Amino acid sequence: MQPLIDNARTFGQRPEEFARLAEGQSPQVLFITCSDSRVVPALITGARPGELFELRTAGNIVPPYASEHPTSEAATIEYAVEVLGVRDIVVCGHSHCGAVGALVRGDDLTAVPAVRDWLTHATPRPAGAVEDPAVAEGVQSHVLAQVLRLRSYPFIDKKLTDGQLTLHAWYYEVHTGCVLTHDVSSDSFRAL
């Protein structure tokens, strides 16, 4: 913890670098990814403060849209699309994902009921090889399911129909740093 505190103490000693951020934000991308500490969107994309609007959830899960029972995730997505006017949404899964791995393996999550209940939003259950520690196939199918889930949000569907929004499915390999994107024409993940 101490190195983090030391950096935080010196971080604010460059106010000129951050003064413009007080004027507001206008990110062009909503980046939805896992809460996993090995996944750092700004590091992966090279984004500077103000360039990415981030939503991090266990397993990069996008819950079903239900306007009568809004979730924090739906509110974040709605704000990004309707207020900030993002033009792109990236759903980025990653290798060695504990949440998706638990789903693929069918782990008993009785000891962590909040995690167990959250993961029920990951329907359909991701397919993949149980023995693959990277759970690559499972994560990739899961990312595509989350992109499909986004399409069910009425305001996203409208922006997609109007050509004002684009959805992207990414897969990040934590062990290599490589980023793959889903290619619709071949229905496969390929290097960016």
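The values are calculated or read from the model by the stated rules, or taken from the named source; none is laboratory data. Since the model is a prediction, treat every value here as computed from it, not as a measurement. Using ideal geometry, Cβ is built from the backbone for each residue, glycine included, and neighbour counts are taken over all protein chains shown.
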Task: Odd one out for THR110, checked against (1) among the hydroxyl-bearing types (Ser, Thr, Tyr); (2) under 25 Å from GLN25 (Cβ atoms); (3) assigned to a loop (DSSP other than H, G, I, E, B); (4) free of Cβ contacts under 8 Å to residues at least 60 places away in the same chain - done: (2)
Open item on the list: Conditions first: (1) within 17 Å of THR123 (Cβ to Cβ); (2) in contact with a strand residue (DSSP E or B) (Cβ under 7 Å, 6 or more places away or on another chain); (3) in a helix (DSSP H, G or I). ILE77 passes all but one, so which condition is the exception?
Closed with: (1)
Open item on the list: Among the residues of region 6-43, what is the count of those that are over 23 Å from the mean Cα position of the chain (by Cα) and aromatic (Phe, Trp, Tyr)?
Closed with: 2
- [ ] Report yes if some residue within region 152-168 is touching a residue at least 12 places away in the same chain (Cβ under 8 Å), closer than 17 Å to PRO126 by Cβ and either in contact with a Cys (Cβ under 6 Å, 6 or more places away or on another chain) or not small (Gly, Ala, Ser) (or both); otherwise report no.
- [x] no
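Name every residue in region 1-41 that is part of a loop (DSSP other than H, G, I, E, B) and either surrounded by 10 or more Cβ atoms within 10 Å (Cβ to Cβ) or of a type in the set (Lys, Arg) (or both), in order of residue number. Write out each step before concluding.
Of all residues in region 1-41, those part of a loop (DSSP other than H, G, I, E, B) come to 1, 12-14, 18, 24-28, 35-40.
Scanning region 1-41 gives ARG14, PHE18, GLN25, SER26, PRO27, GLN28, SER35, ASP36, ARG38, VAL39, VAL40.
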- [ ] Can you run down the residue pairs with Cβ atoms below 6 Å, 6 or more apart or on separate chains, where the first is in region 129-140 and farther than 16 Å from HIS175 by Cα and the partner is part of a loop (DSSP other than H, G, I, E, B)?
- [x] GLY138/PRO126; GLY138/GLY128
Open item on the list: With the requirement that a residue be surrounded by 20 or more Cβ atoms within 10 Å (Cβ to Cβ) and within 25 Å of LEU103 (Cα to Cα), what does region 154-179 give you?
Closed with: ALA169, TRP170, TYR171, TYR172
TODO: Scan region 141-192 for residues that are over 19 Å from THR45 (Cα atoms) and either in a helix (DSSP H, G or I) or basic (Lys, Arg) (or both) and report the count.
DONE: 18
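For (1) among the acidic types (Asp, Glu); (2) touching a residue at least 40 places away in the same chain (Cβ under 8 Å); (3) within 28 Å of ASP88 (Cβ to Cβ), each residue gets a yes or a no:
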{"position": "ARG9", "(1), (2), (3)": "no, no, no"}
{"position": "GLN13", "(1), (2), (3)": "no, no, no"}
{"position": "GLU17", "(1), (2), (3)": "yes, no, yes"}
{"position": "GLU23", "(1), (2), (3)": "yes, no, yes"}
{"position": "ILE32", "(1), (2), (3)": "no, yes, yes"}
{"position": "ARG38", "(1), (2), (3)": "no, yes, yes"}
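In region 51-74, how many are of a type in the set (A, V, I, L, M, F, W, C) and assigned to a loop (DSSP other than H, G, I, E, B)?
First pass over region 51-74, keeping only residues of a type in the set (A, V, I, L, M, F, W, C): 52-53, 55, 58, 61-62, 66, 74.
If we keep only those that are assigned to a loop (DSSP other than H, G, I, E, B) as well, we get 61-62, 66.
Qualifying residue count, region 51-74: 3.
Which residues, counting only those in region 86-107, are assigned to a loop (DSSP other than H, G, I, E, B) and either free of Cβ contacts under 8 Å to residues at least 12 places away in the same chain or over 28 Å from VAL29 (Cβ atoms) (or both)?
In the first step, residues of region 86-107 are kept if they are assigned to a loop (DSSP other than H, G, I, E, B); the result is 86-87, 95-97, 106-107.
Hits for region 86-107 are GLY106, ASP107.
Quick one: which of VAL91, VAL130 is among the aliphatic types (A, V, I, L, M) and under 28 Å from THR45 (Cα atoms)? Outline the logic, then answer.
Values: VAL130 fails: under 28 Å from THR45 (Cα atoms).
Testing whether each residue is among the aliphatic types (A, V, I, L, M) and under 28 Å from THR45 (Cα atoms) leaves just VAL91.
Run down ALA134, ALA127 and say which single residue is of a type in the set (Gly, Ala, Ser) and more than 18 Å from ASP36 (Cα to Cα).
Just one listed residue meets the conditions, ALA127.
State which residue is surrounded by the most Cβ atoms within 10 Å (Cβ to Cβ) when the search covers only region 116-153 and only residues that are of a type in the set (Asp, Glu) and modelled with pLDDT under 95.
ASP132
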